[in-house]
Amino acid sequence: MAAEMLSYIDRKSPVHQLTGVTKLICFILWSTAAMLTYNTRILLFLFLISILIFIISKIKLEEILFVLVFILVFLFINNVAIYVFSPQEGVKIYGSSHVLFEISGRYNVTLEQLFYQLNITLKYFTVIPAALLFIVTTHPSEFAASLNRIGVSYRISYAVSLALRYIPDVQRDFRNIARAQQARGLDMSRKEKLPKRIKNAASILAPLILSSLNKIDTISNAMELRGFGKNKKRTWYSARPFQKSDYFAIALFSILFIVTLIITFHDGSRFYNPF
């Protein structure tokens with residue numbers, strides 16, 4: 001059976017040893033810092049750190065390769081859309097224009113626009129590895145227990161746990177429905193033309209949605225029959241206390257966050273201008 005995408009991958013690594021809440025806090029600090037800054041030097045530094053953390057986690061690239069490629073395709077589409085709708089955005093931001101070549105009308109390629117879109121791409125490259133690591137290194141039950149430990153309602157915590165657990169189920173359902181549709185003659189291989197493949201793939205959505213709704217109804221009924229949510233508290237089998245490594249990670253990412261903000265806004269602008 002093919003490996004599940006975006007599901008928990010058990011490894012013995014320093015990243016896995018951190019509690020779910022620690023990883024959530026670090027991810028929020030990390031992604032906020034990356035989204036706020038347009039300083040290329042900071043983004044490059046954060047990108048290199050994210051690669052280092054990825055290596056430390058012992059997650060293999062091929063285990064998340066499909067999702068990564070899927071995200072990169074949307075990143076490419078996003079970059080194309082930025083240029084199509086705002087080809088002079090970089091010129092407006094950096095206040096200069098170094099034209100490399102003309103295309104037509106207001107469309108030309110400038111160093112400023114390329115630099116601006118480089119920063120956008122670096123933002124994605126910085127946040128994507130952290131987001132993927134958060135999902136594949138965090139056990140859903142342990143994460144729910146950690147959320148409840150810091151004051152989040154156990155009803156909300158358990159809902160988050162169910163959502164994380166449901167990702168592999170949706171993937172399995174998608175594969176099973178796709179195989180059933182292919183057995184009925186719907187070709188979604190590369191032999192078929194792209195528009196036809198998209199149309200055939202769309203036929204999977206309706207049964208997938210119906211299957212998902214049916215499972216949601218089954219889970220809701222089961223939880224209701226077991227009296228879930230009637231008491232104010234509950235115990236957790238997977239609860240883990242904070243360790244020294246958790247406090248160290250939160251402190252380290254907090255320092256990175258603060259330093260990023262100081263460097264980014266020290267001159268009153270989020271944009272690093274090399275022009």
Size descriptor, Kirkwood hydrodynamic radius, that averages inverse alpha-carbon separations across segment 1-113, Å
17.5
Toy charge model, Lys and Arg Cβ at +1, Asp and Glu Cβ at -1: the chain dipole around Cα centroid in debye, rounded to 20, equals 860
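Could you give me D for segment 136-186, from Stokes-Einstein at 20 °C and 1.002 mPa s, where the hydrodynamic radius is the Kirkwood radius over C-alpha pairs? Units µm² s⁻¹, please.
D, rounded to a whole number, is 170 µm²/s.
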In nm, what is the difference between 0.36 nm times the number of residues separating F265 and I51 and their Cα-Cα distance?
74.5 nm
Alpha carbon centroid spacing (whole Å) that separates segment 22-90 from segment 155-182
25
Distance check, please: which entries in K23/K58; K12/K60; K23/K215; K58/K123 exceed 20 angstrom between their Cα atoms?
K23/K215; K58/K123
Might you tell me the accessible area per residue for segment 14-120, computed with a 1.4 Å probe and given in Å²?
53
Cα Rg, Dmax (largest Cα-Cα span) when computed across segment 64-138, Å
15.3, 50
In whole angstrom, and with the biggest value first, how far do the Cα coordinates of segment 82-219 range along each principal axis?
60, 52, 22
Which of rounded, prolate or oblate describes the chain when judged by the alpha-carbon gyration tensor and an a/c cut-off of 1.5?
oblate
Taking only C-alpha positions in segment 27-79, Rg and Dmax in angstrom work out to 12.8, 31
Accessible surface of the chain [probe 1.4 Å, protein heavy atoms]: carbon and sulfur percent:
67
Hey, can you grab everything whose amide H is under 5 Å from the amide H of T110? Only 5+ residues off in sequence or another chain; H modelled, so Pro and N-termini drop out.
L100
Which one of G151, F85, M35 has its Cα pushed farthest toward the positive end of the charge dipole of the chain, where Lys and Arg give +1 and Asp and Glu give -1 at the Cβ?
G151
Once amide H atoms are placed 1.01 Å from N in the peptide plane, what residues at a sequence separation of 5 or more from A239, or on another chain, have their amide H within under 5 Å of its amide H?
none
Set the Förster radius R0 to 41 Å, insert the Cβ-Cβ distance between S254 and F228 as r into 1/(1 + (r/R0)^6), and round the FRET efficiency to 0.05.
0.70
If amide H atoms are built 1.01 Å from N in the plane of the peptide, which residues on other chains or at least 5 residues away come under 5 Å of the amide H of Y38?
Y272
How far, in nm, would the chain grow between R175 and S7 when pulled straight, counting 0.36 nm per residue and subtracting the alpha carbon separation?
59.0 nm
Exposure of W236 as accessible area (Å², to 10), given a probe of 1.4 Å and all protein chains:
50
Quick one: length gained pulling V80 to R41 fully straight, 0.36 nm per residue minus the C-alpha distance?
11.7 nm
Of the trypsin sites (Lys or Arg not before Pro) in segment 19-97, those whose Cβ has at most 14 other Cβ within 10 Å and which sit in DSSP loop
K58, K60
With all protein chains present and a 1.4 Å probe, how do M223, M35 order by accessible area, largest first?
M35, M223
Percentage of interatomic Cα-Cα distances in segment 77-118 larger than 13 Å:
45
When Lys and Arg each count +1 and Asp and Glu each count -1, what net charge do the other residues less than 15 Å away from S97, Cβ to Cβ, add up to?
-1
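The values are calculated or read from the model by the stated rules, or taken from the named source; none is laboratory data. From a predicted model like this one, the values you see are computed outputs, not experimental measurements. Methodologically, a virtual Cβ is constructed for each residue, glycine included, from the backbone with ideal geometry; neighbour enumeration extends over all protein chains shown. Heavy atoms of the whole protein, side chains included, go into the accessibility calculation; ligands, DNA and RNA do not. Shrake-Rupley method; radii C 1.70, N 1.55, O 1.52, S 1.80 Å.
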